[in-house]
Amino acid sequence: MTIERVTPQSVGLVLPRLLEMVREVCRLHESWDPAKFSYLPDVVDRYARWLPQRAADPRSVLAIAREGDAIVGFLVASTEREIPVYRLSEFLFVHDMFVEPACRGRGLGRLLMQHALERAREIGVTQLRLDVARANEPARRLFESCGFRVSVSEMLREI
């Protein structure tokens, strides 16, 4: 098991596999809450443009998990600005993290998160944030075991 940072030079080689996993992330999220996660029809094309930008941005994280030669997981995060009423001015936001179902329970999610934490330290960001779907209890347990805590609960009402 290895975690690798995706670079501008390597992103083209791994992008097709990342997009397969993005499709699965989107499918899962939409099945859990279609009102919250109603993706545009071209969501994968949008990721195809956005992920290389993350690989090139020194204040973002794009990492893959490998078992042997196979890419079995990924994490993408970017540094975001906080609104200017708080002392904290920026944070690293983990947009997506995914590990193939057959590879879960082997520590890959934890390794991906450790990689993100290390990159945050390197770029001088002092806080990581993420959202976790209410239906995704295994991810919630993983994130809590990595030191995350619930700080707010987003609520949704359709009109």
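Bear in mind that the values in this text are calculations on the coordinates, not laboratory data. No experiment lies behind these values; they were computed from the predicted model shown. Positions of Cβ are generated from backbone atoms using ideal geometry, with glycine treated the same way; all protein chains shown enter the neighbour counts.
The table below gives the values:
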| read-out | value |
| --- | --- |
| Phi to ³J(HN,Hα) by Karplus 6.51 cos²θ - 1.76 cosθ + 1.60 over region 31-37, Hz, x for Gly, Pro | 5, 6, 7, x, 5, 7, 10 |
| The chain: calculated mean residue ellipticity at 222 nm from DSSP helix runs of at least 4, using -39500 (n - 2.57) | -12500 deg cm²/dmol |
| Beta bridge orientation in the chain: antiparallel %, DSSP, nearest 5 | 90 percent |
| Computed log₁₀ I(q)/I(0) - Debye formula, equal Cα scatterers, no solvent, region 5-74, q 0.12, 0.24, 0.27, 0.28 Å⁻¹ | -0.34, -1.08, -1.21, -1.24 |
| Distance (nanometres) between label positions extended 7 Å along Cα→Cβ at TYR39 and GLU90 | 2.8 nm |
| Percent breakdown of C-alpha pair distances by 5 Å bin, ordered from the shortest bin, for region 96-135 | 5, 19, 23, 24, 17, 8, 3 |
| For region 69-159, share of DSSP beta bridges that run antiparallel, in % to the nearest 5 | 75 percent |
| Label point distance in nm, ARG141-GLU4, each placed 7 Å from Cα along Cα→Cβ | 3.1 nm |
| Pairwise centroid distance, computed over Cα atoms, of region 1-49 with region 142-159, Å | 21 Å |
| Per-q log10 I(q)/I(0), the chain, q = 0.14, 0.19, 0.20, 0.21 Å⁻¹ (Debye; single scatterer per alpha-carbon; no solvent) | -0.74, -1.40, -1.53, -1.65 |
| GNM flexibility winner over the chain from ILE123, ILE83, ILE71 (Cα, springs under 10 Å) | ILE83 |
